[in-house]
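Down below is the structure, laid out as structure tokens.
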Amino acid sequence: MSSHLSPFCPRVVGNIRRNCGFTLLEVMIALLVITLGMGAVIVTTGESGWKSSHLRESTIASWVAYNEIALFRAKRTWSGANSRSGEAEMANAQWNWQMKISATDDPSIRRVDVEVFIKGETAVKSRVTGFIARL
């Protein structure tokens, strides 16, 4: 009696050839492991995309704030403590900014705090502080 067994499934017990393969339970456990792994990959990818978008917005908002401080310095206006606000466009987006100018211990230096928001939103995307000296 010759047996034609596959080289991949050589299980023989006595004279009875056993079928090789996975049980339903083994297949279900394998699918569960794959599902959990794919879920983790999807969550990580989503978080990465959100963080990338947030970092981009924060970076552009800081550029808007630094530009406003530079413009204020360039105008060479010297005034008491007050605040200003305005709009700017950068990277195809509209930004609102608020500037607070305050006195310091040195009467020839002013502190300038700028907060930047995306137009229509209330969350601050960037806060930048600068100092301006009377020349």
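Of all residues being of a type in the set (Gly, Ala, Ser) and surrounded by fewer than 13 Cβ atoms within 10 Å (Cβ to Cβ) in segment 86-123, which is nearest to Ile60 (Cα to Cα)? Just the residue, please.
Ala91
How many of the residues in segment 52-83 are basic (Lys, Arg) and closer than 14 Å to Val128 by Cβ?
Residues that pass the stated criteria total 1.
Check segment 74-88 and report whether any residue there is of a type in the set (Val, Ile, Thr) and not in a helix (DSSP H, G or I).
Checking segment 74-88: at least one residue is of a type in the set (Val, Ile, Thr) and not in a helix (DSSP H, G or I).
Which pairs do you get when a residue that is without any contact (Cβ under 8 Å) to a residue 24 or more places away in the chain and surrounded by 10 or more Cβ atoms within 10 Å (Cβ to Cβ), found in segment 33-58, comes within reach of a residue that is small (Gly, Ala, Ser) and not in a helix (DSSP H, G or I), reach meaning Cβ atoms under 6 angstrom, with the pair 6+ apart or on two chains?
Within 6 Å, no pair qualifies.
Readers should treat all values here as calculations from the given coordinates under stated rules, not as data from a laboratory. Only a predicted model underlies this, so the values are computations on that prediction, with no experimental measurement involved. Note that we place each Cβ from the backbone using ideal geometry, even for glycine, and neighbour counts take in every protein chain shown.
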